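The values are calculated or read from the model by the stated rules, or taken from the named source; none is laboratory data. Computed from a predicted structure; not experimentally measured. Ideal geometry is used to build each Cβ from the backbone, glycine not excepted, and the neighbour counts take in all protein chains shown. Accessible surface is based on the protein model in full, side chains and every heavy atom, while ligands, DNA and RNA are left aside. Shrake-Rupley method; radii C 1.70, N 1.55, O 1.52, S 1.80 Å.
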Amino acid sequence: LHLKAWDTYNNSSDASINFVVGEPADIFEIYSVRTIPNPFANLPKIILDHNRSGTNMSIINHLFDARGQLLLSYNQKIVNAENNIELKLGPADWTNNIGLGVYSLRTVVTTSNGETKTITTRMVHTN
């Protein structure tokens, strides 16, 4: 899709968008990553929703502070994944090692077929 537009001073600008049209089941999708509760005080549940049930997955979670500094990386292997996966973010005491504030959680999911998707969400750590 190519779009060209002009403003009232006859200045033009154009942009292109490329996309693939396919069957929804053919395209690997991560619908959401939710932190429950959010804001959290103790260990939150991380829920990942996707459309590849029954597939083996490799999941990497990266936790960043507000300055973009990597605080934690945690890898998981999921065998025969369900559509909703409850993820661990790290060892049981990881919330003791971070201060209060807003954090970014980047989740990278790779299926056994080599399909990869990345999604980022915000988490708020409170008392």
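So which residues in region 51-70 are outside any strand (DSSP E or B), under 16 Å from the mean Cα position of the chain (by Cα) and within 13 Å of residue 109 (Cβ to Cβ), if there are any at all?
51, 52 - these are the residues of region 51-70 that are outside any strand (DSSP E or B), under 16 Å from the mean Cα position of the chain (by Cα) and within 13 Å of residue 109 (Cβ to Cβ).
Does region 96-115 include one or more residues that are at pLDDT below 90, in a loop (DSSP other than H, G, I, E, B) and open to solvent by less than 50 Å² (accessible area, probe 1.4 Å)?
Yes, region 96-115 has at least one match.
Restricting to region 6-50, give me the number of residues that are open to solvent by 50 Å² or more (accessible area, probe 1.4 Å) and assigned to a strand (DSSP E or B).
Residues meeting the conditions: 10.
Here are some conditions: (1) open to solvent by less than 50 Å² (accessible area, probe 1.4 Å); (2) of a type in the set (Gly, Ala, Ser); (3) in a strand (DSSP E or B). Residue 73 meets all but one. Which one does it not meet?
All conditions pass for residue 73, except number (1).
Of 62, 50, which residue is in contact with a Lys or Arg (Cβ under 6 Å, 6 or more places away or on another chain) and within 19 Å of residue 120 (Cβ to Cβ)?
62
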